[in-house]
Every structure is written in C-alpha cells, then in structure tokens.
Amino acid sequence: MRSRQINFFLTPDDQAELLRRLDPDGQFVYLARRCLYDQMQILPTAVVRQMGQEPLGIYIARAADLDTIVFNEGEKDKSIDVIRSPVIEFNRCYLGDEHISDGRLYVVNSYFDAHGRIARKNDSFLKWSERLIAKTRRCLTKEDKSFYYFGTETLQLKRSGFKTSPF
C-alpha cells in the first residue's frame, strides 16, 4: 500500500483558514466515517461544532467521486473504506484548555486488491489529492525539528506555552 500524508496542529481558526485556501469555491464534500441507517453522511461543514463530543476523523471528497466510494460492512454498521475509496482522511485537531492534539491529511494512493495485485486509485483523484497536500504544505509553517506543520494561531499559542504533541 502506498500513501501520502501531512501532519499538523491547527486551531479551529487555523483549520477554517486552511480550508478557505484549499477550497475557495466551497467544492469539497465532507463525509462522516460511519454511515447512518446504511446511508453515507454528508456533513454540512468540517467545523467541529462540539469539541470532545463528536468524532474528529472525517473524509474529504469531490462530489464527482461520491458514486465510486466503497464501504466496509460490519455486523452492526457500515463505514467508508478509506483504502479503496477516492477520499482524503482528515483528522481534525482536538483543542483543550492547555493543549492541542495533532491532526493529518492522509491519502491512500494504491493498495492490494482481493487478488493480491496492486490497484491504483484513478489518476484524476490522485492528482487532486497530491495538489491538496502540496498546497497544505505551502499554507502552513513546518517546524524545523519535526515533521509537523503549524497554523498561524497555533504557533502563537505554542510560543505562549500551549502544549502541542501527539496524544
């Protein structure tokens, strides 16, 4: 399996600014990982409305790709298969009173199919996801001593003593 990712620390304002820059026309579709009543859940926004009360992991997709999304079906629930689907995993950051947890954008480019052969996601999706990750790197500031990227507000919080570490 081949994949790409970028790890970051973002406050809600940093996240909103990043998404405005990545998707100025509002074309992204945000999806919950789990289906509700066996139906894909399209979220109205990527904004965390109740920190600590809702899952931070969601997916970003293009409207044109919704019909090609693949699902994992368990005994009790159905969820989006990130490995085979044209989606970008978006783990949003948790913001607490004195710390912020890390988040990431993660894309699976290719994987092993049911016959053990390498399967590649479609080129259009792969080009879109590569541009998205590259632009994310340009929009955020990389910390010299790690592989993490930071939003502007998060860097200010970190300088004032806020803790930023993977939890």
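The values are calculated or read from the model by the stated rules, or taken from the named source; none is laboratory data. Just so we're clear, the structure is a prediction, and the values are computed from it rather than from any experiment. Ideal geometry is used to build each Cβ from the backbone, glycine not excepted, and the neighbour counts take in all protein chains shown. For accessibility, only protein heavy atoms count, side chains too; no ligands or nucleic acids. Shrake-Rupley method; radii C 1.70, N 1.55, O 1.52, S 1.80 Å.
What the table shows:
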quantity	calculated
Qualifying residue in segment 119-132 (condition: in contact (Cβ under 8 Å) with a residue 60 or more places away in the chain, surrounded by 12 or more Cβ atoms within 10 Å (Cβ to Cβ), under 16 Å from Phe28 (Cβ atoms) and among the aliphatic types (A, V, I, L, M))	yes
Residue that is farthest from Arg104 (Cα to Cα), among those in segment 9-25 that are acidic (Asp, Glu) and without any contact (Cβ under 8 Å) to a residue 40 or more places away in the chain	Asp25
Selected residue (only one of Asp25, Asp38 is on the phi > 0 side of the Ramachandran plot and out of contact with any Gly (no Cβ under 9 Å at 6 or more places or on another chain))	Asp38
Top-ranked residue of segment 36-81 - restricted to ones that are surrounded by 13 or more Cβ atoms within 10 Å (Cβ to Cβ) and basic (Lys, Arg), ranked as nearest to the chain's Cα centre (by Cα)	Arg62
Scope segment 17-35; condition open to solvent by 80 Å² or more (accessible area, probe 1.4 Å), farther than 19 Å from Glu153 by Cβ and not in a loop (DSSP other than H, G, I, E, B); matching residues	Arg34
Among (1) under 19 Å from Tyr30 (Cα atoms); (2) modelled with pLDDT of 90 or more - the single one Arg137 does not satisfy	(1)
Enumerated strands (runs of 3 or more DSSP E) restricted to segment 80-167, each holding at least 1 residues that are within 30 Å of Cys35 (Cα to Cα)	88-91, 103-112, 118-120
Pairs, first farther than 21 Å from Glu130 by Cβ in segment 74-98, second in a loop (DSSP other than H, G, I, E, B) and among the hydroxyl-bearing types (Ser, Thr, Tyr), C-beta under 9 Å, six or more apart	Cys93/Thr11; Cys93/Ser101; Tyr94/Ser101; Leu95/Thr11; Leu95/Ser101
Some residue of segment 132-142 being of a type outside the set (Val, Ile, Thr) and over 22 Å from Arg20 (Cβ atoms)	no
